[in-house]
1. Restricting attention to the range 79-95, which residues are touching a residue at least 40 places away in the same chain (Cβ under 8 Å) and surrounded by 15 or more Cβ atoms within 10 Å (Cβ to Cβ)?
2. Anything in the range 1-16 that is of a type in the set (Val, Ile, Thr) and under 17 Å from residue 82 (Cα atoms)? List them, or say none.
3. Show the residue pairs meeting these rules: Cβ distance below 8 Å; 6+ apart or different chains; first residue within the range 21-36 and in contact (Cβ under 8 Å) with a residue 60 or more places away in the chain and outside any loop (DSSP other than H, G, I, E, B); second residue surrounded by 16 or more Cβ atoms within 10 Å (Cβ to Cβ) and among the small types (Gly, Ala, Ser).
4. Just checking, does the range 65-82 include any residue being modelled with pLDDT under 95 and assigned to a loop (DSSP other than H, G, I, E, B)?
5. Here's a check for you: in the range 64-78, which residue that is of a type outside the set (Gly, Ala, Ser) and either over 16 Å from the mean Cα position of the chain (by Cα) or crowded, with 16+ Cβ neighbours inside 10 Å (or both) is nearest to residue 12 (Cα to Cα)?
6. I need the full set of residues from the range 27-54 which are among the β-branched types (Val, Ile, Thr), more than 12 Å from the chain's Cα centre (by Cα) and surrounded by 14 or more Cβ atoms within 10 Å (Cβ to Cβ), in order please.
Amino acid sequence: MIRHCVFARFRSDVSSTERTAIHAGLEALRQVVEGMDTVQFSTNVSPEPFARGFTYGFTIDFRDAAARDAYLVHEAHQRAGARLVAALEGGADGLMVFDLDLTKK
């Protein structure tokens, strides 16, 4: 399983309604991307001082790397990703992505 971890810094002028719409768009990808499983969203709740300004994050679990790779190039993901990036401080500079391979021990 691949856990796709995304951390973001939303612009202060982005409404909660827009954030909810972005969540919904990402969640809807489960209907069109084979092997895309759980999607979870949260604000940062860590007491540690290492967030570097990233206040929000989400994870997406994929069956395997092939499913993740199909998601990355899927046109619906491209649209959802563009909407997310447009809402971030500095565009793509307000984004960090890290994938974990949870199938390896």
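1. Within the range 79-95, 80, 84, 87, 88, 89, 94, 95 qualify.
2. Of everything in the range 1-16, those that are of a type in the set (Val, Ile, Thr) and under 17 Å from residue 82 (Cα atoms) turn out to be 6, 14.
3. Listed by first residue and then by second, the contacts come to 22/80; 22/87.
4. no
5. Selected residue: 77.
6. Passing the criteria: only 33.
The values are calculated or read from the model by the stated rules, or taken from the named source; none is laboratory data. No experiment lies behind these values; they were computed from the predicted model shown. Counting neighbours? That spans all protein chains shown, and the Cβs are built from the backbone with ideal geometry, glycine included.
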